[in-house]
Amino acid sequence: MVSNPRDPSVVIIGAGMTGISMVIKLRKAGISNITVLEKKEKIGGTWRENTYPGVACDVPAHMYTFSFEPNPNWSHFFAHGDEIQKYFEHVVEKYDVKRSIHFSEAVTDARYKDGKWLVTSSKDKTYEADFVVSATGILHHPAFPDIDGINDFKGEMFHTAQWNHDVIIEEGKSVGVIGTGSTAAQAIPELIKTGADVTVFQRTPQWILPVKNFSYSNTTKKLMNKFPLLPKLTNKFSVFVMQHLFTKAVTGHFLQKKFLEICCKANLYFAVKDKVLRTKLRPNYQVGCKRVVINKTFYEGIQKANAHLTTEGIDKITEKGVLTKDGKLHKLDVLVLSTGFHPFNFMRPMNLVGRDELHIEDAWSDHILAYRSLMLPKYPNFFLMLGPYTPIGNFSVIAMSEVQADYIIKIVDEWRKGRYDEVEAKVEAVNDFSVYVKAGLKKTAWVGGCKSWYLDSDGDPVLWPYTWNRWVQEMKEPQFQDMHLEKLSSVDQKKVA
Ligand code: NAP
């Protein structure tokens, strides 16, 4: 152990769950010079932004929890959005994270110059840093559908990630929803409950796995408080089920895949009584090809008298509503766009400029790639959390970001010991990593004949195709032979690894 390790300055972009845990873990490792630049006025990322009716996490609550801050008080098996937001606010308060955060400062530009990062914010301030960690999350740029006439609509229209709570939705109103993904499946039943007339415009049906969102009783919560091992065991059990059932089902394991398929098909068969409606709701692609929707309320809701499923396809949007391809005009007061996100923006639209003036748009002009999802050649001392090929899907993003944070800290530790000043991934290592993940993708459900937000512009999934355990194992220790480590003091010094 080096007695007086160097204390690096670190800029973290984003104060969502990933940025928050990064701050806590960096401080625990003894790093104190941390600046978090957050574009909004509050922490929380996804859970601050998404406030649509029914918003909840479809990953079990005790699994969607920081390992260092278990929460024995989760009210439900799947936590509601506002409860998750409150949990993050509690963590931020308890670990005094706010003192590192600069709110309402979006990063507009970050460039590497003479061994330092210069990070400029929307307030025209520039921060100098030894390391930059991008913790901007994945699904934070709403995608608006490119439908003819969309701007002609005279009623209220908004995206689910920008819910307009001033608009009252109640009996007597006509509401249209475009989209049937995980978000829509949560929001639509809540809209139907208001008594409004709800028309769902479905382009592609979804496979739905029914899991009831039961509430934890007071006795259970008391027991969880009394025996701290209980929430940890609940988490371990959820992780076990997710990795041995869910993850394996979508990554080419026959039995798990069959089991998931039977569950989803049986759900459709038993939950939807009307044959015509059932046919409309039956996907024609493999289970798991799109992210499986975990939901117990959508099928029930869509069968109510005030709900209508339209599958004719949208021709255009007019000032009065949605005109479908069968020539029918669906007159609407409110149009909800549950049309997903641009998943591959990551830290963009900021200007990210690495060594030799390499702009991120040029670095990623062919493919979005990063070594182990985290590091990019020519971007020294820069880490992209939840980057391409992170095992997202139906697993806990919190668990993923913690694994990545620990990995990053191990690399930064070597800087502190003076082993290097600059670290970046070797081009060959990025290419090898790409070949390695692509080999595994062939047998996954994601290439099973559907379009989804998992796919890049070439139609290739940008997800980790192997098991969760394998990923955790491979992320245990950094492989420094895959990185260029440079000492800046002596220009001609050979690369260390
Ligand atoms: P999504 O899964 O990308 O779904 C978007 C929906 O909009 C799809 O049904 C899509 O139809 C439809 N759509 C898009 N453009 C359209 C157009 N021009 N015309 C007609 N339909 C159109 O988005 P999402 O539901 O917001 O979910 C995204 C991800 O967010 C999820 O997969 C999940 O990872 C995350 N999420 C998580 C939770 C959670 O509980 N953890 C909850 C909600 C969301 P096609 O299928 O035909 O493209």
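What follows is calculated from the coordinates using simple rules that are stated; it is not laboratory data. Predicted, not measured: the structure shown is a model, and the values here were computed from it. Cβ atoms come from the backbone with ideal geometry, glycine included; neighbour counts cover every protein chain shown.
Things to note:
- Pairs of lysine residues in the range 352-470 that meet both criteria, 8 or more places apart or on different chains and Cα atoms under 22 Å apart, total 8.
- When each full DSSP H helix of the chain is screened for a Cα extent of at least 27 Å along its own axis and an average Kyte-Doolittle hydropathy of at least -1.0, the helices passing are 397-416.
- Anisotropy class of the range 201-275 from Cα gyration tensor, a/c 1.5 cut: oblate
- Cα gyration tensor, the range 218-353 - rounded (a/c under 1.5), prolate or oblate: prolate
- Note on ASP356 and SER75: the model spin-label points, each 7 Å out from Cα along the C-beta direction, lie 5.5 nm apart.
- Spacing of the modelled spin labels on LYS113 and SER365, each 7 Å from Cα toward Cβ, amounts to 2.4 nm.
- Across the range 322-376, the fraction of Cα-Cα pairs farther apart than 15 Å, rounded to a whole number, is 66%.
- The range 1-149: Lys pairs at Cα distance under 13 angstrom, eight or more positions apart or on different chains: 5
- Cα gyration tensor shape for the range 1-142, rounded if a/c is under 1.5, else prolate or oblate: oblate
- Antiparallel bridge percentage (DSSP; both residues within the range 1-116; nearest 5): 25 percent
- Qualifying lysines (Cα of each under 22 Å from Cα of LYS304; at least 8 residues distant if same chain): LYS173, LYS193, LYS212, LYS265, LYS273, LYS275, LYS280, LYS296, LYS328, LYS331
- Beta bridges per DSSP with both ends in the chain, % antiparallel, nearest 5: 45 percent
- All C-alpha pair distances within the chain, sorted into 20 Å bins from zero, spread as 22, 54, 23, 2 percent across the bins.
- Burial ordering of HIS102, HIS141, HIS159, fewest other beta-carbon atoms within 10 Å first: HIS102, HIS141, HIS159
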